[in-house]
Amino acid sequence: MKQSRLILLIFTVACGLVLASAIAAFAATTNSALWVPNVAPDSTAQLGSLRIVEGAGGSLKDGDWVNISLPSYVELEQFRVGTGTSSTTDLIIISSPVTVQVSDAGFTVSTIANTVYAFGDEAPLKAGELNIAVLSKNSFNLIVRKAWSPFTTLTLRAVVSFDQVKIKPVSPEDLESSDIKVTLDAPSTSGFSSGSVTVGKLLTAGGSSITAASPTEISDVGGKIADITLREDFAGALKVNAADFPSGNTVKLVLSPGFTWDTVTLIPQGGFGAGSVDYAVYTEKNGCNALYLKINTASSGSPGQLLIKASVKANEPFTTARDVKITYGGTNPGVGGEKIAEVTVAKYLVSGLTVAAKSTLDVVAGRLNQQIGNFTVAEGMPGDLPAGRLLALTLPEGAKWNRRPDVTREAGNGQLVYHSTRDEGRTVVYAVYQPSTSRTIFCFKNATVDLAVYVPGELTVTVKGPGLSQSVTVANVQAPVTVTPAGGTVRLGLAAQPVGAITIQENVVGALRARDAAVNRAVLKLTLPPGVRFSEKPTARVTAGDLELDTTGIKLDDDDRALVIPVKLASATPVEKPVATGEQGTTEETTQEQTTAGVAYEQTGSTVVVDNILLTLDRTVPVGPVTCEVSGSALSETETLFSSSLNKLSCVLAECLTPAPVPIRAEAVFTIGSTKYRVGSEEKEMEVAPYIKNGRTYAPVRYLAYAAGIGDDQIIWDGTNRTVTIFAGKRVVQFKLGARYYLLNGVLVSIDAAPEIVSGRTMLPYRFVAQALGLKAEWDDAKRQVIIR
């Protein structure tokens with residue numbers, strides 16, 4: 001039994017050796033290019049060399065062959081074949097590369113007595129070992145003519161150098177690719193491998209390009225520009241200029257308007273020799289100054305390269321900074337068109353500081369330590385910030401610096417240091433410690449701020465310094481909650497008058513806190529104006545989300561003018577709510593929005609509804625809106641940092657009826673996208689059509705007022721303060737561009753969208769305008785119409 005096992009083992013090993021030998025015998029060659037030059041159509045050129053490497057000794061056998069062919073538009077004129085091995089004992093020995101010349105009569109192998117062979121004849125590269133057969137002007141075979149031991153460790157190395165080929169004229173549309181590929185095609189039984197190798201790039205358009213070093217800085221007196229390098233893609237790309245220079249075969253570099261070439265030095269390199277290129281300066285028909293290059297002698301041997309060192313002058317002083325650019329083009333075939341490239345070679349500087357935002361982040365009002373975006377302060381010219389001068393960064397009312405900005409340099413060598421903090425934390429001041437000798441750009445980053453509940457929707461930083469007073473937006477502010485009253489009407493001197501519910505919607509999860517800074521239970525507080533009180537304690541409940549209220553602790557305070565609602569547990573899980581159509585029209589850019597089965601959803605926090613609200617008004621309450629202020633430690637983390645007037649939100653809870661309400665003449669109808677509107681049966685025209693933006697339907701404030709019977713003499717536009725004031729009976733309503741509130745008889749009423757200007761008209765969601773004017777507004781979703789009654 002042991003002997004049988006031994007015989008079986010020997011047989012298995014022997015089979016394994018035979019199998020290994022068979023696998024080695026069929027190992028493929030590796031084909032690659034040593035270099036890949038650019039060439040042009042209708043030219044005589046040199047292509048890159050093809051390298052063939054045998055993968056394992058013995059894989060090439062007697063009779064193995066491979067066909068090597070070039071594209072139809074490439075004709076062989078002269079190429080060389082050199083071989084060798086990885087050992088001192090060559091598999092195929094050719095002492096030096098053999099040159100093959102191809103002509104219409106056939107081909108000649110120069111080392112074999114210059115014998116002329118017909119196409120298809122085999123000629124020995126090395127007698128008895130390796131032959132070549134040229135089949136046509138773009139195809140030949142390499143053929144092995146010796147049996148080699150399958151156990152040899154020697155491997156073939158062959159290099160085919162395409163020294164001279166004729167590139168025939170070819171149009172771009174006739175090409176599948178700009179790659180010039182050598183195709184290798186061998187039988188499946190051959191040790192040669194098939195495939196293709198790129199040995200050149202055919203350039204069918206142009207043939208030259210320019211690049212520039214980093215732009216320099218110049219001023220009114222001009223100065224040196226960046227070095228420009230003009231490169232040919234292949235030798236002879238730029239043709240010699242015609243006798244009518246500069247008209248024929250133009251090569252030109254055109255300066256930006258307002259600048260003129262001053263000094264120019266040309267340094268020829270590569271295939272360009274001394275005196276190959278000259279220049280002249282001319283003015284183009286459009287007034288721009290152009291440097292024309294005169295090609296006296298075309299490059300040869302290798303592509304030409306030209307280094308251009310120059311300076312320019314400004315025709316007159318400019319008041320604004322700008323880039324100095326050069327447009328490269330011309331009619332020379334080697335250029336490729338009148339305008340093929342543009343490079344920036346200098347920065348024209350003017351004195352003066354500028355401010356720019358680098359990023360704008362989202363922050364939440366009423367919160368501490370909110371990260372804001374980064375911004376830069378840039379010198380127009382070196383020294384715009386002299387030593388000892390101050391740079392002040394001021395936040396708007398309702399915001400204070402928590403962590404002042406870090407200052408880094410993006411360019412230049414000026415230096416700022418922290419100086420002081422002013423205005424109760426709203427302003428941080430930096431001093432110039434080291435003035436610049438190179439134009440400096442300072443970046444202010446990693447800053448945080450503390451925010452009151454009431455703060456502008458766009459948080460800006462106003463930067464003041466030498467000759468500078470400019471604001472930059474660094475954050476978009478989101479209110480922690482949106483307060484929406486259902487509204488109602490009440491009368492003087494009556495008790496227990498019901499009004500609609502108040503909905504308090506968290507805009508972000510956790511907006512209503514459960515603990516204040518002292519770790520006491522946080523509360524939400526709803527306060528009525530003087531003369532108005534709750535007749536009994538309303539009901540407060542969570543209708544969506546995981547916020548929890550301490551319902552047992554809900555109480556009335558301040559002589560029943562305030563409703564106090566303790567928060568037991570802050571919300572932690574987002575709530576998905578569908579985005580309504582119509583006034584809340586489905587939008588494409590809803591914050592944190594998701595879309596499922598064609599229905600849009602947005603993520604919010606929890607929803608609190610306060611209902612069963614009964615009000616008692618004494619006779620001191622003025623006719624008009626009855627406001628409710630929403631405040632408390634649950635709403636704001638910054639109660640101790642800002643005045644109470646900045647840490648509350650207001651809404652109109654009810655309307656104390658006026659003896660002479662503003663009458664509307666007739667039903668008014670506005671249609672989304674149409675500049676026509678109807679009042680009663682009369683159709684009228686306006687300059688701008690209503691539209692839907694961010695889920696709100698915007699309509700022109702002035703035409704809504706017209707529909708309510710209010711004339712031009714009762715509508716006042718203040719361009720300086722950017723406000724529109726409407727006098728409607730006993731109501732005085734004022735809207736301010738960019739402000740998310742309006743004033744009603746001097747009382748601030750918060751809204752969740754700001755007025756904006758479109759085509760010269762002030763636009764605002766129609767519901768807020770109707771609310772402010774005491775009108776009733778409806779939305780017809782089917783007709784996409786706003787109806788005012």
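The values are calculated or read from the model by the stated rules, or taken from the named source; none is laboratory data. A quick note: this is a predicted structure, and the numbers were derived from the prediction, not measured. Every residue, glycine as well, gets a Cβ built from its backbone with ideal geometry; the counts of neighbours run over all protein chains shown. Ligands, DNA and RNA are excluded from the accessible area calculation, which covers all protein heavy atoms including side chains. Shrake-Rupley method; radii C 1.70, N 1.55, O 1.52, S 1.80 Å.
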Problem set entry | Residue-averaged 222 nm ellipticity for the chain, from DSSP H runs of 4+ at -39500 (n - 2.57), nearest 500 | -1500 deg cm²/dmol
Problem set entry | Peptides ranked, highest mean first, by Cβ atoms within 10 Å: ranges 515-523, 298-306 | 298-306, 515-523
For this session: Report, by chain and number, residues whose modeled amide H sits under 5 Å from the one on D550, excluding near sequence neighbours (fewer than 5 apart, same chain).
Result: V567, K568
Seminar exercise, completed: Descending packing, highest mean Cβ count within 10 Å first, for 286-294, 564-572 is 564-572, 286-294
Seminar exercise, completed: By the C-alpha gyration tensor axes a ≥ b ≥ c (rounded if a/c is under 1.5, else prolate when a/b exceeds b/c, else oblate), the shape of the stretch 731-789 is oblate
Seminar exercise, completed: Restricted to the chain, the DSSP antiparallel beta bridge percent, nearest 5, is 95
Exercise. Any idea how many Lys pairs in the stretch 675-789 come in under 23 angstrom at the alpha carbon, given 8 or more places apart or on separate chains?
Worked result: 11
Problem set entry | Among I167, G236, P215 the positive-end extreme of the charge dipole of the stretch 131-245 (Cβ point charges) | I167
For this session: Count the net charge of all other residues whose Cβ sits under 11 Å from the Cβ of L468, scoring Lys and Arg as +1 and Asp and Glu as -1.
Result: 0
For this session: Highest first, please rank the peptides 448-456, 269-277 by the mean number of other Cβ atoms sitting within 10 Å of their residues.
Result: 448-456, 269-277
Exercise. In degrees from 0 to 90, rounded to the nearest 10, what is the angle of the helix 2-25 Cα long axis to the longest principal axis of the chain?
Worked result: 90
Exercise. Computed FRET efficiency, Cβ-Cβ of K294 and L175, R0 35 Å: what is it to the nearest 0.05?
Worked result: 0.60
Exercise. Rounded, prolate or oblate: which fits the stretch 402-518 when a ≥ b ≥ c are the square roots of the eigenvalues of the alpha-carbon gyration tensor, with rounded for a/c under 1.5 and prolate only if a/b beats b/c?
Worked result: prolate
Exercise. List the lysines whose alpha-carbon lies under 22 Å from that of K61, not counting same-chain residues fewer than 8 positions away?
Worked result: K126, K146
Exercise. For the chain, what does the alpha-carbon gyration tensor say about shape, rounded, prolate or oblate, given a ≥ b ≥ c as the root eigenvalues, a/c under 1.5 as rounded, and a/b over b/c as prolate?
Worked result: prolate
Seminar exercise, completed: Heavy-atom accessible area of the chain with neighbours in place, 1.4 angstrom probe: carbon+sulfur share in percent works out to 50
Seminar exercise, completed: The answer for the chain, accessible area per residue at 1.4 Å probe in Å², is 46
Exercise. Too long at a 28 Å Cα-Cα cut-off: which of K168/K309; K400/K464; K224/K445; K137/K294; K313/K358; K537/K577?
Worked result: K168/K309; K224/K445; K137/K294; K313/K358; K537/K577
Problem set entry | Pairwise FRET efficiency - K568 versus E778, Cβ, R0 = 35 Å, nearest 0.05 | 0.35
For this session: Would you work out the relative contact order for the chain, in percent, from Cα pairs under 8 angstrom that are 6 or more residues apart?
Result: 8
